[in-house]
Number of protein chains: 2
Amino acid sequence: MQRTHYCGELTEKIIGQTVTLQGWVQKRRDLGGLIFIDLRDRSGIVQTVFNPDFSKEALEIAESIRSEFVIEVYGKVVEREEKQKNDKLLTGSIEVHVENIQIINEAKTPPFIIEDETDVNEEIRLKYRYLDLRRPQLAKVFKMRSDITKTVRNFLDGEGFLEVETPILTKSTPEGARDYLVPSRVHDGQFYALPQSPQLFKQMLMVSGFDRYYQIARCFRDEDLRADRQPEFTQIDMEMSFMTIEGIIELNERLMKRVMKDVKGIDIETPFKRLPYDEAMSRFGSDKPDTRFAMELQDVSEVVKDSSFKVFAGAVESGGQVKAINVKGSANSYSRKDIDALGEFAARYGAKGLAWLKVDAEGLKGPIAKFFEGEAAEELVKLLDAQEGDLLLFVADKKSVVADALGALRLKLGKDLNLIDETKFNFLWVTEWPLFEYDEEEGRYYAAHHPFTMPADVEGLVSNPSAVKAQAYDLVLNGYELGGGSLRIYKRDVQEKMFKALGFTEEEAREQFGFLLDAFDYGTPPHGGIAFGLDRIVMLLSGSTNLRDTIAFPKTASASDLLTEAPSEVDPTQLNELGISIQSK
Amino acid sequence: MQRTHYCGELTEKIIGQTVTLQGWVQKRRDLGGLIFIDLRDRSGIVQTVFNPDFSKEALEIAESIRSEFVIEVYGKVVEREEKQKNDKLLTGSIEVHVENIQIINEAKTPPFIIEDETDVNEEIRLKYRYLDLRRPQLAKVFKMRSDITKTVRNFLDGEGFLEVETPILTKSTPEGARDYLVPSRVHDGQFYALPQSPQLFKQMLMVSGFDRYYQIARCFRDEDLRADRQPEFTQIDMEMSFMTIEGIIELNERLMKRVMKDVKGIDIETPFKRLPYDEAMSRFGSDKPDTRFAMELQDVSEVVKDSSFKVFAGAVESGGQVKAINVKGSANSYSRKDIDALGEFAARYGAKGLAWLKVDAEGLKGPIAKFFEGEAAEELVKLLDAQEGDLLLFVADKKSVVADALGALRLKLGKDLNLIDETKFNFLWVTEWPLFEYDEEEGRYYAAHHPFTMPADVEGLVSNPSAVKAQAYDLVLNGYELGGGSLRIYKRDVQEKMFKALGFTEEEAREQFGFLLDAFDYGTPPHGGIAFGLDRIVMLLSGSTNLRDTIAFPKTASASDLLTEAPSEVDPTQLNELGISIQSK
């Protein structure tokens, strides 16, 4: 028989019709000689009723039915009695009186009940992923994922973008993380690499005059699994020619507005706020600040640098700084022990200590209060907008440690104290990134973004690399980086200067990127783009906190069912060696 | 400056407007103190005019401009004089009088001219792929590719399909071809495999109740490169629950109808014709017949089996057959030498010889005519609908060789004799496939499709495997297989019988497919699906004959720029060994 309706489609509108449904048994209840079966398919659940008056045979068959059986029922849609109506169910005002039933497939008792709320551990859920995905809550995530990509595609298509597939078996290009390598059987001793991003291919497409490219692109990084990281992930990847930063930002704001509207039904305001990187680090201690709450970092170095508190004065003297956050109204709720715990938390981010002050009616209190009296105390109070009942937390260290520790502390306190409005979606552009990061151990510069990013100042590439800003931008949502992009270098001489600044010899640059440099010789348009992490967007928009819940078949930490044993004719020890040998440069 | 229009958008409607254009110099012509530059972007070409009356400075700059420079021009859209109008160009009735020009990027003389018609060899075109893709004809293929996937997505979305991404780093499952293997750094000595298809994942999604799944999925086969084969390729992959073969066929006919309408503007007729596999092999000698012309294979075994021509009689006697094609009206145009060449061609497909007869006013002529006189001749003439001027070609051998040789010959003659109407799009379902192929060398059965295909007769799996048909279907277009699919096994006992028929021990089946067998235990719905080769669809619909022209960055036969050298700290000889060692089982 052909299904006539999905379970979730049955409403009062089709009362009186006969329907054929196919789905899974959610629950069976026997009651006074009748049997009630909640039938589930991907659209929802509907109550079916077996009654000897409708069909004796169907009732008999229904008696043998257990949860998760696959069945087909044929019957009439009938309005429930008023008191039987169930407001919680979309189909709660009707039921199906079954005249015919067929068992399509049986089911053993599943290892966990198929319900939204489950306390079964994730390992079991992942082992039986095909059952886990039956849970309506999880299935909804994949509906949302599909809806997001649909909206993105429709939007970009309307803006003249062409979807182009770029290779997955490709050449290795240094992009930061380790590449997966794939031995080629045809070309002995050589490997394909799996792409960390389609960066160079999309730039080639701009050289080709494709003008606007996008792809929902699979990318790969051979890194250890973490809760928030999978070895393969999906990017919404785009590139445009003849565009300014303003143009790219404006287009992507419209894209996000559309996604939020179509998928969440929420109107978000554009343009989004923007923060230069330096300001984000300074005010929030983070390059992806969660701006749904304040508690900003305040620089108190000027006030404390001449104090007799050696820890503070010394930090400033040696080129570091002292910053503080004001935990409003928390002086009394945080005991000494609680604050010690915060200190231990800050220590994980490199802070050697966490100093604190409480504000009471008489002024500053706490072990270091004695160092700040009179004018210094007044200035601190003023700078930190401190009022009675506030808790002030200080970190003194070099700039990066202060930012990391206080930034992390701010986020933790924001969550602990429920300062975050979970209904808010704070989109934020972080701009004016540094072009380079300096690696002190290796004594050389690395590209903060990637080596194809356009510098704001070409001359500075040679004269003062550490000061040069990148024409780059990240989009941040509620403290998560959704994606990032930049204008790209499109002139050969600039790209050559860039490679030089990164320590490549001319020969190395030519060997690794000769095809790119050559391409610049044949009429390359100005271009730029952006890439968003789709998995993370799905996670944030679905309200999930587990990245694996956004991926149909995620990798697990165990070397279990997703890995292939070594081919049988190969000596395992040799392969073991290989497994170790193939390391990134 | 911001671009105001694409070049190709400039028509008579905007005469009088000033525009800003950005693009590539297609051609520069100097004429009587004026300069004409054809400016190209992805939308088309427009003529721009530099004249001292419009701007002296612009004219001066224009003098330094060469082909493929990237420029920006600002000027007024003006109607061309009547005799200057160019019907061949969409923008041929107007031109742009340039008031301002900026050179955005320069270009060296490209290694070949960027034009539709190019006689440069493919190796050069692929080396400079970014220039090759500038050719409007090739760029159009990628527009079509993007349009096809857009239509497919919109159609399937409208039919309730959910787009789900399945893993690319996955477990190896035997699917016929060799897997690419990816060493895992985290799990020593173990490998991921790249999927040859998402088959098992999509079946898992059906077990999960996703009901309708699709994906434009990248797939991989570690095989030698061929003109019509790339190691990575793209499938339009779908799977549906609770569907009959009729339902799947009907849905896909509507899909193809929509694609043909949206992409080619052609209304094709549905339902498509259907041929059982046996009939396709018998009438066309092919499981993917090109039905745009007749010249069908005729079985003449009954007529010739008692003849005194030993080759024919012997073939039939030893269980083979004799078949013929009638090459209408070609008796006089094929010399003995020509026919010998056809014989050599047939020999490539295993035919030991090609017998022939010509028909003239008096009857059959040719070396073997003497064996067929009187009644036999009449019967041959009748069976083959032979008329004066026809050429009859015969192959006598075992069934498979007769089909291969005459099928190939039929195709060759169809092309050589221009019998094929190239404007036709003959869609055709080939159905009722055999479930197994018997490997005579290994003395065992292989799954003709894959081991998850539903047999038409479960009991036959054990009693008479070679006679069992698969519930499978291929879609053929103009002699090419566009894709294929089947209903799948959804009961554990049937799947176990299938594995047994394929020679798996219980333990082997459990080891390799335990997760699938387990899944069948928890309520698996009936399901089936299909997968189409996107690259081939693009090739056929774009009228290209080169599969590589449908792929933005195809692999080349050379171990050149797409392969990574072995990581430097690994001993190359060891890697060489590895390159050889990693062979499929």
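For region B:498-527, which residues satisfy the criterion of being away from chain A (no Cβ under 14 Å) and more than 16 Å from B:His449 (Cβ to Cβ)? Even if it seems obvious, please write down each step before you answer.
Step one: list which residues in region B:498-527 are away from chain A (no Cβ under 14 Å), which gives B:498-507, B:509.
Listed by number, the residues that qualify are B:Lys500, B:Gly503, B:Phe504, B:Thr505, B:Glu506, B:Glu507, B:Ala509.
Going by the structure shown, is A:Glu63 of a type outside the set (Lys, Arg) and away from chain B (no Cβ under 11 Å)? Break it down into steps so the answer makes sense when it comes.
On the way: of a type outside the set (Lys, Arg): yes; away from chain B (no Cβ under 11 Å): yes.
For A:Glu63, the condition - of a type outside the set (Lys, Arg) and away from chain B (no Cβ under 11 Å) - is met.
Give the residues of region A:499-541 that are over 16 Å from A:Val207 (Cβ atoms) and at pLDDT 95 or above, sorted by residue number.
At the first step, the residues of region A:499-541 found to be over 16 Å from A:Val207 (Cβ atoms) are A:499-512, A:530-541.
Passing the criteria: A:Ile530, A:Ala531, A:Phe532, A:Gly533, A:Leu534, A:Asp535, A:Arg536, A:Ile537, A:Val538, A:Met539, A:Leu540, A:Leu541.
Do you know which residues across region B:413-448 are touching a Leu at 6+ places or on another chain (Cβ under 8 Å) and among the charged types (D, E, K, R)?
Passing the criteria: only B:Arg444.
What's the number of the condition A:Glu95 fails, among (1) free of Cβ contacts under 8 Å to residues at least 40 places away in the same chain; (2) away from chain B (no Cβ under 11 Å)?
Going through (1) free of Cβ contacts under 8 Å to residues at least 40 places away in the same chain; (2) away from chain B (no Cβ under 11 Å) one by one, A:Glu95 breaks only (1).
Only one residue in B:Lys273, B:Lys202 is touching a strand residue (DSSP E or B) at 6+ places or on another chain (Cβ under 9 Å), of a type in the set (Lys, Arg) and surrounded by 17 or more Cβ atoms within 10 Å (Cβ to Cβ), so which one is that?
On the way: B:Lys273 fails: surrounded by 17 or more Cβ atoms within 10 Å (Cβ to Cβ).
It is B:Lys202.
Out of (1) under 22 Å from A:Val182 (Cα atoms); (2) free of Cβ contacts under 8 Å to residues at least 60 places away in the same chain, what's the single condition that is false for B:Pro231?
Against the list (1) under 22 Å from A:Val182 (Cα atoms); (2) free of Cβ contacts under 8 Å to residues at least 60 places away in the same chain, B:Pro231 comes up short only on (2).
Quick one: would you say A:Glu373 is surrounded by 13 or more Cβ atoms within 10 Å (Cβ to Cβ), more than 31 Å from the chain's Cα centre (by Cα), modelled with pLDDT under 95 and under 16 Å from A:Ser307 (Cα atoms)?
No; evaluated as a whole, the condition is false for this residue.
For (1) in contact with a Leu (Cβ under 8 Å, 6 or more places away or on another chain); (2) away from chain A (no Cβ under 14 Å); (3) at negative phi, each residue gets a yes or a no:
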{"residue": "B:Gly8", "(1), (2), (3)": "yes, no, yes"}
{"residue": "B:Glu12", "(1), (2), (3)": "no, yes, yes"}
{"residue": "B:Ile15", "(1), (2), (3)": "no, yes, yes"}
{"residue": "B:Val25", "(1), (2), (3)": "yes, no, yes"}
{"residue": "B:Asp30", "(1), (2), (3)": "no, yes, yes"}
{"residue": "B:Ile35", "(1), (2), (3)": "yes, yes, yes"}
{"residue": "B:Ile45", "(1), (2), (3)": "yes, no, yes"}
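Since B:Phe191 meets every condition but one in (1) surrounded by fewer than 22 Cβ atoms within 10 Å (Cβ to Cβ); (2) on the phi < 0 side of the Ramachandran plot, which condition does it not meet?
With (1) surrounded by fewer than 22 Cβ atoms within 10 Å (Cβ to Cβ); (2) on the phi < 0 side of the Ramachandran plot applied to B:Phe191, the lone miss is (1).
Would you please name the residue that is farthest from the chain's Cα centre (by Cα), looking only at residues in region A:207-227 that are outside any loop (DSSP other than H, G, I, E, B) and at the interface with chain B (Cβ under 9 Å from one of its Cβ atoms)? I'd like the intermediate steps shown before the answer.
Narrowing region A:207-227 to residues outside any loop (DSSP other than H, G, I, E, B): A:207, A:212-220, A:226.
Next, from what is left, pick out any that are at the interface with chain B (Cβ under 9 Å from one of its Cβ atoms): A:207, A:212, A:216, A:218, A:220.
Details: A:Val207: 31, A:Arg212: 25, A:Ile216: 15, A:Arg218: 15, A:Phe220: 15 Å.
So, considering only residues that are outside any loop (DSSP other than H, G, I, E, B) and at the interface with chain B (Cβ under 9 Å from one of its Cβ atoms), the one farthest from the chain's Cα centre (by Cα) is A:Val207.
Give me a count of the residues in region B:491-510 that are within 16 Å of B:Ser463 (Cα to Cα) and out of contact with any Lys or Arg (no Cβ under 8 Å at 6 or more places or on another chain). Lay out the reasoning, then the answer.
Residues of region B:491-510 within 16 Å of B:Ser463 (Cα to Cα): B:493-503.
Now narrow it down to the ones that are out of contact with any Lys or Arg (no Cβ under 8 Å at 6 or more places or on another chain): B:493-501.
Matching residues across region B:491-510 total 9.
Return a yes/no flag: does region A:116-128 have any residue that is in contact (Cβ under 8 Å) with a residue 60 or more places away in the chain, more than 9 Å from every other protein chain (Cβ to nearest Cβ) and in a loop (DSSP other than H, G, I, E, B).
No, there is no match, as no residue in region A:116-128 is in contact (Cβ under 8 Å) with a residue 60 or more places away in the chain, more than 9 Å from every other protein chain (Cβ to nearest Cβ) and in a loop (DSSP other than H, G, I, E, B).
Could you count how many residues in region A:291-330 are under 15 Å from A:Val395 (Cβ atoms) and acidic (Asp, Glu)?
Total meeting the criteria: 2.
Residues being part of a strand (DSSP E or B) and either in contact with a helix residue (DSSP H, G or I) (Cβ under 9 Å, 6 or more places away or on another chain) or within 27 Å of A:Glu279 (Cα to Cα) (or both): count how many of those fall in region A:357-400. Break it down into steps so the answer makes sense when it comes.
Kept after step one, since they are part of a strand (DSSP E or B), are these residues of region A:357-400: A:357-360, A:363-365, A:391-397.
Okay, now just the ones that are also either in contact with a helix residue (DSSP H, G or I) (Cβ under 9 Å, 6 or more places away or on another chain) or within 27 Å of A:Glu279 (Cα to Cα) (or both), so A:357-359, A:363-364, A:391-397.
The qualifying residues number 12.
Table: residues versus (1) at pLDDT below 95; (2) hydrophobic (A, V, I, L, M, F, W, C).
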| site | (1), (2) |
| --- | --- |
| B:Ile61 | no, yes |
| B:Phe69 | no, yes |
| B:Glu72 | no, no |
| B:Thr91 | yes, no |
| B:Lys127 | yes, no |
| B:Val141 | no, yes |
| B:Met144 | no, yes |
| B:Val152 | no, yes |
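Inspect region A:237-258 for any residue being modelled with pLDDT of 95 or more, within 9 Å of chain B (Cβ to nearest Cβ) and in a helix (DSSP H, G or I) and give the result as yes or no.
yes
Surrounded by fewer than 20 Cβ atoms within 10 Å (Cβ to Cβ), more than 14 Å from chain A (Cβ to nearest Cβ) and more than 24 Å from the chain's Cα centre (by Cα): is that true of B:Asp457 in this structure? Quick ask: steps written out before the conclusion?
Working: surrounded by fewer than 20 Cβ atoms within 10 Å (Cβ to Cβ): yes; more than 14 Å from chain A (Cβ to nearest Cβ): yes; more than 24 Å from the chain's Cα centre (by Cα): yes.
Considered against the rule, which asks whether it is surrounded by fewer than 20 Cβ atoms within 10 Å (Cβ to Cβ), more than 14 Å from chain A (Cβ to nearest Cβ) and more than 24 Å from the chain's Cα centre (by Cα), B:Asp457 comes out as yes.
Is there any pair with a first residue in region B:502-515 that is of a type in the set (A, V, I, L, M) and a second that is in a helix (DSSP H, G or I) and surrounded by fewer than 18 Cβ atoms within 10 Å (Cβ to Cβ) whose Cβ atoms are under 6 Å apart and which are 6 or more apart or on different chains, and what are they?
Partner pairs satisfying both residue conditions: none exist.
Does region B:150-162 hold any residues that are buried (at least 20 other Cβ atoms within 10 Å of the Cβ) and within 11 Å of chain A (Cβ to nearest Cβ), and which are they?
B:Arg153, B:Leu156, B:Phe161, B:Leu162
Do you know which residues across region A:528-556 are away from chain B (no Cβ under 14 Å) and polar (S, T, N, Q)?
Selection gives A:Ser542, A:Ser544, A:Thr545, A:Asn546.
Out of A:Ala280, A:Ala313, which single residue is in contact with a Ser or Thr (Cβ under 8 Å, 6 or more places away or on another chain), small (Gly, Ala, Ser) and within 23 Å of A:Pro434 (Cα to Cα)?
Values: A:Ala313 fails: within 23 Å of A:Pro434 (Cα to Cα).
Going through A:Ala280, A:Ala313 in turn, the sole match is A:Ala280.
Could you list, in sequence order, the residues of region A:498-547 that are over 26 Å from A:Arg153 (Cα atoms), charged (D, E, K, R) and assigned to a helix (DSSP H, G or I)?
Passing the criteria: A:Lys500, A:Glu506, A:Glu507, A:Glu508, A:Arg510, A:Glu511, A:Asp518.
Can you name every residue in region A:129-143 that is buried (at least 20 other Cβ atoms within 10 Å of the Cβ) and more than 10 Å from chain B (Cβ to nearest Cβ)?
A:Val141, the sole residue that qualifies.
A quick yes/no check of all residues on (1) farther than 27 Å from B:Tyr480 by Cβ; (2) surrounded by 19 or more Cβ atoms within 10 Å (Cβ to Cβ):
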| position | (1), (2) |
| --- | --- |
| B:Leu383 | yes, no |
| B:Ala396 | yes, yes |
| B:Ser400 | no, no |
| B:Ala405 | no, yes |
| B:Thr453 | no, yes |
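Residue under question is A:Val462, and the condition is that it be more than 22 Å from B:Val70 (Cα to Cα), touching a residue at least 12 places away in the same chain (Cβ under 8 Å) and of a type in the set (A, V, I, L, M, F, W, C); does it hold? First the steps, then the outcome.
Working: more than 22 Å from B:Val70 (Cα to Cα): yes; touching a residue at least 12 places away in the same chain (Cβ under 8 Å): yes; of a type in the set (A, V, I, L, M, F, W, C): yes.
Yes.
The values are calculated or read from the model by the stated rules, or taken from the named source; none is laboratory data. In this text the structure is predicted, and so the values were computed from the model without any measurement. So basically every Cβ, Gly included, is an ideal-geometry build from the backbone, and we count neighbours across all protein chains shown.
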